[in-house]
Amino acid sequence: MGGVHNRLVAFEIVVAWVGRRREPWETLCGDYRQRIERFAPVRELVVRPARGDDRTRLRLEGKAIRSALPADAWTVCLDRNGRRLSSSGLATEVGRLRAEWRRPIVWIVGSDLGLDRNLLESCRFRLSLGPLTLAHELARLTLYEQIYRAFTILEGINYHRRPFY
């Protein structure tokens, strides 16, 4: 979608993902986007899956994501080899970024192939949702839920429950 955005914008949450809009994912993700809007502007950048062999697809999808990113964005790539955080740890990171970074925070979810190595290496932060392989639609929904959870933890809203043990 679109070329490089050269305008600087204030803090916002951007979820960039590769795929096609399909129900029920759009309804579920839309619900969390509305919830997140209470705390920060949120929008999506959708990149259509590329055609070709797997290597070509990864390269083209990575290039398309990079070209769609807002200028000077803080990028977080979902990567199974990334940093594993608890929900409270993610809230701490989101709170730090909200206080220190006045430009977009872009959370990047790859296609069924994952993310291009060059894109992964250019990200400022790599986040793992765990060692399990998740369908990319489910990873996107999980990401939205965790971003919402992070904001509720930061705001002291009774949504997150700490373990009893």
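A few comments on the model shown:
- Acute angle (nearest 10 degrees) that the helix 136-155 long axis makes with the longest principal axis of the chain, alpha-carbon atoms: 30
- No disulfide-compatible partner, judged by a Cβ distance under 4.7 Å, exists for the following cysteines of the chain: Cys29.
- Histogrammed with a bin width of 10 Å, the alpha carbon distances of the chain distribute as 10, 40, 38, 10, 1 percent, first bin at zero.
- Once the Cα atoms are used to define both axes, helix 87-100 deviates from the longest principal axis of the chain by about 80 degrees.
- For region 56-137, share of DSSP beta bridges that run antiparallel, in % to the nearest 5: 10
- Within the listed set Arg126, Arg55, Arg103, the residue fluctuating most in the Gaussian network model of the chain (springs between alpha-carbon atoms under 10 angstrom) is Arg55.
- Beta bridges assigned by DSSP with both partners in the chain are antiparallel in approximately 5 percent of cases.
- Probe 1.4 Å - accessible area at Asp54, Å² to nearest ten: 90
- Fraction of accessible area attributable to carbon and sulfur, the chain (%, probe 1.4 Å): 51
- Excluding ligands, DNA and RNA, the accessible surface per residue across the chain is 55 Å² with a 1.4 Å probe.
- For Thr75, residues with placed amide H under 5 Å, excluding near neighbours: Val106, Arg124, Phe125
- Mean residue ellipticity, 222 nm, helices only, the chain: the sum of -39500 (n - 2.57) across DSSP H runs of n ≥ 4, divided by residue count and rounded to 500, is -13000 deg cm²/dmol.
- For region 82-125 and region 17-77, distance of Cα centres in Å: 13
- The chymotrypsin sites (Phe, Trp or Tyr not before Pro) found in region 9-74 include none that occupy coil by DSSP while having at most 10 further C-beta atoms within 10 Å.
- Order of exposure, largest accessible area first, which applies to Ser111, Ser88, Ser122 with probe 1.4 Å: Ser122, Ser88, Ser111
- Computed over the alpha-carbon atoms, region 110-165 gives an Rg to Rh ratio of 1.06, Rh here being the Kirkwood radius from the mean inverse distance.
- Helix 54-68 axis, angle to the chain major axis (alpha carbon atoms, nearest 10°): 60
The values are calculated or read from the model by the stated rules, or taken from the named source; none is laboratory data. All values reported here derive from a predicted model rather than from experimental measurement. We place every Cβ from the backbone using ideal geometry, glycine too, and count neighbours over all the protein chains shown. Calculation scope for accessible area: heavy atoms of the full protein, side chains included, ligands and nucleic acids excluded. Shrake-Rupley method; radii C 1.70, N 1.55, O 1.52, S 1.80 Å.
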